[in-house]
Amino acid sequence: RAPPPAPRIDRIAFLVENDAELRRAMTLLLEKWGLSVLEAEGGEEALALIEEIGILPDVFLVDQNLGEGMTGLAFLAAVAARHGAVPACLVTGLRDAGLAGRAAEAGVTVLTKPVDPRDLGAFLARLE
């Protein structure tokens with residue numbers, strides 16, 4: 001099945017994903033949909049970039065397992081502590097009820113890998 005019509009929204013998305021190939025593929029998709037994309041390999045790098053540019057993105061798309069350093073939920077909690085609640089989606093290969101519960105408590109949507117572009121498009125469309 002084809003992906004949904006592109007959401008065509010003029011927003012800034014921050015993609016935090018440690019898998020370089022997946023990060024690039026998701027960036028291309030998001031840019032095709034009209035989003036500007038900031039990207040980082042890990043949470044610490046992403047926090048530093050937010051502070052450096054002084055702009056808070058409109059939405060965060062974050063992997064849970066970012067390798068060394070903080071997890072995706074820990075990163076989102078750090079962003080929320082500094083800047084308040086932000087729209088966020090946790091993108092993960094983990095199918096863990098405990099993780100889903102913690103994400104729900106934090107107000108974070110969860111999409112499991114491999115991510116269906118229709119699901120990602122629907123999440124982004126709800127931000128408007």
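Read-outs throughout are calculated quantities, based only on the coordinates presented, and are distinct from any laboratory measurement. A quick note: this is a predicted structure, and the numbers were derived from the prediction, not measured. Heads up, the Cβs are rebuilt from the backbone with ideal geometry, glycines too, and the neighbour counts pull from every protein chain shown.
Would you please name the trypsin sites (Lys or Arg not before Pro) within region 51-111 that are DSSP coil residues with at most 11 other C-beta atoms within 10 Å of their C-beta?
For trypsin sites (Lys or Arg not before Pro) across region 51-111 that sit outside H, G, I, E and B with at most 11 neighbouring Cβ atoms in 10 Å, the list reads ARG95.
At 7 Å along Cα-to-Cβ for each site, give me the label-to-label distance between ALA100 and ALA78 in nm.
That separation, rounded to one decimal, is 2.8 nm.
Can you tell me how much longer the chain between ASP116 and SER36 gets when fully stretched, taken as 0.36 nm per residue apart minus their C-alpha distance, in nm with one decimal?
Fully extending the segment from ASP116 to SER36 adds 26.8 nm.
Using only the Cα atoms, work out Rg/Rh for region 10-55, with Rh taken as the Kirkwood radius, to two decimals.
Values: Rg = 10.6 Å, Rh = 10.8 Å.
Ratio value, two decimals: 0.98.
Under the definition of Cα pairs under 8 Å and six or more residues apart, what whole-number percent is the relative contact order of the chain? Mind dumping the intermediate values first?
Numbers: 196 pairs, mean separation 30.6, N = 128.
So the answer I get is 24 percent.
Subtract the Cα-Cα distance of LEU22 and ASN65 from 0.36 nm times their separation in residues, and report this length gain in nm to one decimal.
Gain on extension, LEU22 to ASN65, equals 14.2 nm.
Considering the alpha-carbon set of the chain alone, what are its Rg and its Dmax in angstrom?
Expressed in Å, the Cα Rg and Dmax of the chain come to 13.5, 41.
Among residues other than ALA78 whose Cβ falls under 14 Å from its Cβ, what is the net charge (Lys/Arg +1, Asp/Glu -1)?
Here the count lands on -2.
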